[in-house]
Amino acid sequence: MKKVLPRRKLLIAVYVAATLTVVLILTALYFALRPAKEAYHAGDDVEGITRNLSRDIPEDYPQVYFRDVTADAGIDFVHFQGRRLTQLPEDMGSGAAWGDYDGDGDLDLYICGYVQYKYNPSDLDKATAQYNATVPFTLNPSSHSPHSNLLLRNDNGKFVDVASKQGVDNLQGRSLSAAWCDLDEDGWPELYVANDISDNVLYKNLGGKSFQDVSHSAWVADYRGAMGLALADWDNDRDIDIFITHWIAQENAHFGLGSIDQVNRVEVLYPCGEKTVVENVSANQIVIVRKGTS
């Protein structure tokens, strides 16, 4: 015998079904009739984002003005020429760091150069391999040669590039961030540089006269896609630690051998597709592997 719903339950079921139908129809109409969102182009104005700093201050408060003295100060650096859209580095600039490296009482400026980018329309349809994934050619840092960095020494408000002379131009790095900090507490700030698809570099300050690359001996030559960094004493042991952010899906790794005392063969696959092979590696040691060597 077929069961018949009571009149009240039947009315409730009809009401719920009708309400859901109306909601679905209105939702469909909303998405179908709403104005199409305009595509964003680099440099365009975006609602809710402003170039101006604003505060609620009294109307009679003295105005604060800034004057662009970049050229007068001798700072001549262009990160990218012209308008950028979908190409590396997706409209982001590289990092810069202020620090008095030579102890003369004024702040010097270190600027990261990243890559030597050249727009080529034929590159837009190319693809490359990066970390076992296929990515657009123009998005892969390995598609572009590294750009040298600048160390602009402050001489009474006038800046002179001394990066090459001081040995910190980092010609092999694709630098995105840098930071000054006196890591060895000798009174002179060291320089740590985070590089994308290149070894990170730690430059020890030799009394404000020159720098020494101590990246590998300090165990901080991290070869991955380093993006940003921060320095602080997070564990309160009175020395400075380094925190580094990386590109997606990049974690630290630890390889254990158990009771085995030797590895016959180790293959290191780089994001650019190159491979380094190391054979007959004994356990209980630190092995430094550099791209292009065996």
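The values are calculated or read from the model by the stated rules, or taken from the named source; none is laboratory data. For clarity, every value in this text was computed on a predicted model and none was experimentally measured. Side chains included, ligands, DNA and RNA excluded: accessible areas come from the protein's heavy atoms. Shrake-Rupley method; radii C 1.70, N 1.55, O 1.52, S 1.80 Å.
Observations, loosely collected:
- Rounded accessible area of Ser217 (nearest 10 Å², 1.4 Å probe): 100 Å²
- Integer Hz, Karplus 6.51/-1.76/1.60 couplings in order for region 112-123, x for Gly and Pro: 7, x, 6, 10, 8, 8, 10, 6, 9, x, 5, 6
- Solvent-accessible area, 1.4 Å probe, carbon plus sulfur percent, for region 91-233: 52 percent
- Amide H contacts of Gln130 (H built 1.01 Å from N, in plane; Pro and chain starts excluded): Val135 sit under 5 Å, all sequence-distant by 5 or more or on other chains.
- Under 5 Å from the amide H of Ile197 lie the amide H atoms of Arg224, Gly225, Ala226, each residue being 5 or more positions distant or on a separate chain, with H modelled from the backbone and absent for Pro and chain starts.
- For region 111-174, the Kirkwood estimate of hydrodynamic radius, built from reciprocal distances between every pair of different alpha carbons, is 13.7 Å.
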